[in-house]
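Presented below is the structure to which this report refers.
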């Protein structure tokens, strides 16, 4: 570090040490490079998705915005990684609280309805999706409740599980009120994943799983879902039923991916992409652009990179001796895995259509920053996994 | 340690789950992108482009010298672009309003016409593709088109373009033979799979005549311009383009000048017949090249103005073209008119009798009437000529000679109680002359005519027996009030028919011998038969099409002539018949018509005929060919309910020969000047100003006209356009 040699012993140096001093110790380069590669591919795909039929050089707006999102996300990632994760109570409740307040505000006139759900918060020209923050908040909150055994215990008790249920229920209820089915499903999946691997009593794990299935059935039959949500599910079962209506997305997505073939048409060369046949192709349906323009090869690269990220996160979880750190990693892995599978699955016609972005690849400010922040948490845990120095 | 182990097991399971999920994704992606790739590519292709059909320029129909009979003319068409209108804030309302003012039509009408047809939206609406310009006004004044072109900013989405429309260069001439175009119907598109690819909503298809028969070659290949479109249906560029290939020109055997002469002569013939008090409701004429079977001219009156088809005919106009009151001008009598051939049929009767054993050099008695089967059969106007040769019997058209011949042949077959395998010499000879079956000419919907024989009689009886037996019992009360005698006759006829209507009676055979009774022929069949007599017994398939020549003249494809047959007649019989027919204009029933015609220069052979049909006045025939010593043309003229053949039709045929060979036609119109109805098309005037023979050297060209690279057409050597 040149800075350290130039200013050998100043108070500033000490503060810098506190902030970044622990960082370079252990870095999981596989994880970092995979995430960087996914982000880079994402920028290219966003560019291709938004350039239309004209010269790609004339339509770089979204791509440049996405670069800014990534830059901010990278800073957040480094900052989060730098903070010692072993001080959960220092910021976990803060993040959780911010997320819940954000979610509540969305339901006030400050919220904005986009694509049928009130999930955007608009303050002074800035847009944010508190739902994305809630994912981070829930991971941290649950890790705190389930990963910090009470005195004399070495695993979560029934009380902890009940507290954790409350911690889930509050943001979940707010998100269902938007309504944002996709994010709600991610929260439930993250909860189930973390609970199952937290060492909580098996009866709770199995019992909640059964309850979850029953609840879903109840929601389905009770008519709590919006028409378009039901339509998405039915058209998932039979996309040809209404090719111009709700089945349109599913059909067009499959056509885009299928027509790409093994090699793809080449970046900026996809006719389906440039004709904008797939709605939301730079956000939720970004994978159709990859499918058409980069083909099976490109699609596989993205899937393998995502698998690498999740594998590394799980490895870091296994190496972490602290239950709290391990649970954060498990939460992040569950989140990324569930969201990636649902997102790519829906473009390939094997999952119903829910509004979820593809981690690191889809265009989006809050989502990109949230995903990179989550990676920052994991990197921070990794660098300190071997115990205290 | 147990706790840690448990956690590790969970993580291991989680990792396996992750791998399983991601493997599923890759597997699914492989399925979509490798085995199913072609399927999705085809789907994508279908969704990304919209085709615009660019119709090819239709080929012309030329006569044998290269004169255009049907060509193309450009007219200005105002059309709207569906998507451009739709993209406007008010859906094009303001633009259509301004356009309505310029075109002087109600704006509501234009708005309706720019809607797309669907099960909920019925006409007026646009049936074609939304990517095809929607025509809103055809054949507009250049002034209107200019207004729109110059103020394009006021008319976004509206264009004024030139469009090719079919143009009958010679007006009404040969209008039924040439045919017409109409927009293709949805049913036709359904029926013919291949059409769907090549047609668009704006395209027209040949519906009758040569336009229909040679539609495919005349049409050419339409070009397809594929526009790339986005998900909003907006055009983003041209994805691919195949240029249209113009249709081939059809060179016919026709001669536009002869056709004009025929049309004029027929019209005059009808006019003259009407002056004599005859109804003369229709007329037809066919001119054949006896050496090739080529149809040189083919006319049918009444005719109609072919411009009615422009822009699609409406139902009322169409019904009128088929109505009795208007004289069914759409129907070509030359092709579909069925009349008894009357005495023109005696050529076939003579052939049958002689081939069946009658002596060619014998004498035959020609009394004023003969009685057969209890009925008296009269000569025309009761004339008697004593004893005649067959030659003379043809020249003076003695019916009784042929009655006797017919009766004799009937008796040889066993009469009322026929032998097991009757000769049926008359019916078989009639069929050998090509009667009773379509000639195979290259025109649609040809009538077959009718040769009555035993088989036909049986079928006819079976079909009508029930009705006749009913009448035999109850009579004709509705007729009795007005004419008790006629009612009694009808009742007796019904009684006879009811009992043994299937028998081939002596009366049938006798009537048949002079081309009366149940025999029916078309003018085209009769012309073909006389052409066969002229051409030493070669019965050819009449043909209009001679060759196709590509628009640039580089490709020339001759149309193969149809099948030929030989008349089953000995040469000396044929020669005898030819010499008899050659004397008809000179000294027989055609004498009046050919007065003053230089028969020594161009001898004409022919036969008159006067056909009677129950309830109608006599129809006049003249069937002929010339020159008799070296035949080139066969000319048949029919005037329906026009009187006798010698007075009504033979003069028309003579006028046609006058025109072909450039002779003077005597004025028969009783002092009236010639500026009557004939020549009303205006364009006939150019024929009128030309003097001299219509056909140089009295023969149609063997060579084809040539199409120059610039598209102009040169006549064959020795011919003038």
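The values are calculated or read from the model by the stated rules, or taken from the named source; none is laboratory data. On a predicted model such as this, the values are computed, not experimentally measured, just so you know. Cβ sites come from the backbone with ideal geometry, for glycine too, and all protein chains shown count toward neighbours.
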Going by what's in this entry, would residue B:529 be described as crowded, with 16+ Cβ neighbours inside 10 Å, farther than 20 Å from residue B:460 by Cα, out of contact with any strand residue (DSSP E or B) (no Cβ under 7 Å at 6 or more places or on another chain) and without any contact (Cβ under 8 Å) to a residue 24 or more places away in the chain? no
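Surrounded by 24 or more Cβ atoms within 10 Å (Cβ to Cβ), within 10 Å of another protein chain (Cβ to nearest Cβ) and closer than 15 Å to residue A:348 by Cβ: does that describe residue A:270? Spell out the reasoning first.
On the way: surrounded by 24 or more Cβ atoms within 10 Å (Cβ to Cβ): yes; within 10 Å of another protein chain (Cβ to nearest Cβ): yes; closer than 15 Å to residue A:348 by Cβ: no.
It is false that residue A:270 is surrounded by 24 or more Cβ atoms within 10 Å (Cβ to Cβ), within 10 Å of another protein chain (Cβ to nearest Cβ) and closer than 15 Å to residue A:348 by Cβ.
For residues that are exposed (fewer than 15 other Cβ atoms within 10 Å of the Cβ) and under 42 Å from the mean Cα position of the chain (by Cα), scanning just the stretch B:378-396, find the one that is nearest to residue B:349 (Cα to Cα).
Step one: list which residues in the stretch B:378-396 are exposed (fewer than 15 other Cβ atoms within 10 Å of the Cβ), which gives B:378, B:381-382, B:384, B:386-387.
If we keep only those that are under 42 Å from the mean Cα position of the chain (by Cα) too, we end up with B:378, B:381-382.
Numbers: B:378: 17, B:381: 21, B:382: 21 Å.
Taking the candidates together, the pick is B:378.
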Does the stretch B:524-556 hold any residues that are out of contact with any helix residue (DSSP H, G or I) (no Cβ under 9 Å at 6 or more places or on another chain), under 18 Å from residue B:287 (Cβ atoms) and in a strand (DSSP E or B), and which are they? B:543, B:546
Tally, over the stretch A:305-337, of residues that are within 9 Å of chain B (Cβ to nearest Cβ), touching a helix residue (DSSP H, G or I) at 6+ places or on another chain (Cβ under 8 Å) and surrounded by fewer than 21 Cβ atoms within 10 Å (Cβ to Cβ): 2
Looking at (1) surrounded by fewer than 24 Cβ atoms within 10 Å (Cβ to Cβ); (2) within 19 Å of the chain's Cα centre (by Cα), which is the one condition that is false for residue A:262? (2)
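Name the helices (runs of 4 or more DSSP H) wholly inside the stretch B:206-283 in which the number of residues that are more than 21 Å from the chain's Cα centre (by Cα) is 3 or more.
Filter on the stretch B:206-283 gives B:256-275.
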Selected residue (criterion: surrounded by the most Cβ atoms within 10 Å (Cβ to Cβ)) from residues of the stretch B:584-608 that are touching a strand residue (DSSP E or B) at 6+ places or on another chain (Cβ under 9 Å) and in a helix (DSSP H, G or I): B:585
How many residues does the stretch A:278-289 contain that are at the interface with chain B (Cβ under 10 Å from one of its Cβ atoms), touching a residue at least 60 places away in the same chain (Cβ under 8 Å) and more than 15 Å from residue A:356 (Cβ to Cβ)? 0
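I want to confirm something. Restricting to the stretch B:357-377 and keeping residues that are more than 29 Å from residue B:578 (Cβ to Cβ) and in contact with a strand residue (DSSP E or B) (Cβ under 6 Å, 6 or more places away or on another chain), which single residue is surrounded by the most Cβ atoms within 10 Å (Cβ to Cβ)?
Our first condition is that a residue be more than 29 Å from residue B:578 (Cβ to Cβ); within the stretch B:357-377, this holds for B:369, B:371-376.
Among the residues that remain, those that are also in contact with a strand residue (DSSP E or B) (Cβ under 6 Å, 6 or more places away or on another chain) are: B:369, B:376.
Details: B:369: 15, B:376: 9.
Out of the qualifying residues, it is B:369.
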Residue B:47 meets each of (1) part of a helix (DSSP H, G or I); (2) assigned by TED's automatic domain parsing to the domain that holds residue B:172; (3) surrounded by fewer than 21 Cβ atoms within 10 Å (Cβ to Cβ) with one exception, condition (2)
Can you pull out every residue in the stretch B:20-38 that is more than 7 Å from chain A (Cβ to nearest Cβ) and part of a helix (DSSP H, G or I)? B:20, B:23, B:24, B:27, B:31, B:38
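Would you check if residue B:516 is within 30 Å of residue B:579 (Cα to Cα) and either in a loop (DSSP other than H, G, I, E, B) or free of Cβ contacts under 8 Å to residues at least 40 places away in the same chain (or both)? Explain how you work it out, then say what you get.
On the way: within 30 Å of residue B:579 (Cα to Cα): yes; either in a loop (DSSP other than H, G, I, E, B) or free of Cβ contacts under 8 Å to residues at least 40 places away in the same chain (or both): yes.
The answer is yes for residue B:516.
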Take the conditions surrounded by 18 or more Cβ atoms within 10 Å (Cβ to Cβ), at pLDDT below 90, more than 14 Å from every other protein chain (Cβ to nearest Cβ) and on the phi > 0 side of the Ramachandran plot and apply them to residue B:66. Does it pass? no
Selection from the stretch B:335-389 of residues free of Cβ contacts under 8 Å to residues at least 24 places away in the same chain and in a helix (DSSP H, G or I) yields B:381, B:382
For the stretch A:295-389, list the helices (runs of 4 or more DSSP H) that sit wholly inside it and hold at least 1 residues that are without any contact (Cβ under 8 Å) to a residue 24 or more places away in the chain; which are they? A:295-319, A:323-347
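From the list B:479, B:441, B:499, pick out the single residue that is more than 16 Å from residue B:518 (Cβ to Cβ) and modelled with pLDDT under 85.
Numbers: B:441 fails: modelled with pLDDT under 85; B:499 fails: modelled with pLDDT under 85.
Only one candidate passes the filter, namely B:479.
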Yes or no: residue B:188 modelled with pLDDT of 65 or more and either within 26 Å of residue B:299 (Cβ to Cβ) or part of a helix (DSSP H, G or I) (or both)? no
Go through (1) surrounded by fewer than 18 Cβ atoms within 10 Å (Cβ to Cβ); (2) farther than 19 Å from residue B:508 by Cβ one by one and return the number of the condition residue B:439 breaks. (1)
Residue A:169 being closer than 28 Å to residue A:213 by Cβ, in contact (Cβ under 8 Å) with a residue 40 or more places away in the chain and out of contact with any strand residue (DSSP E or B) (no Cβ under 9 Å at 6 or more places or on another chain): no
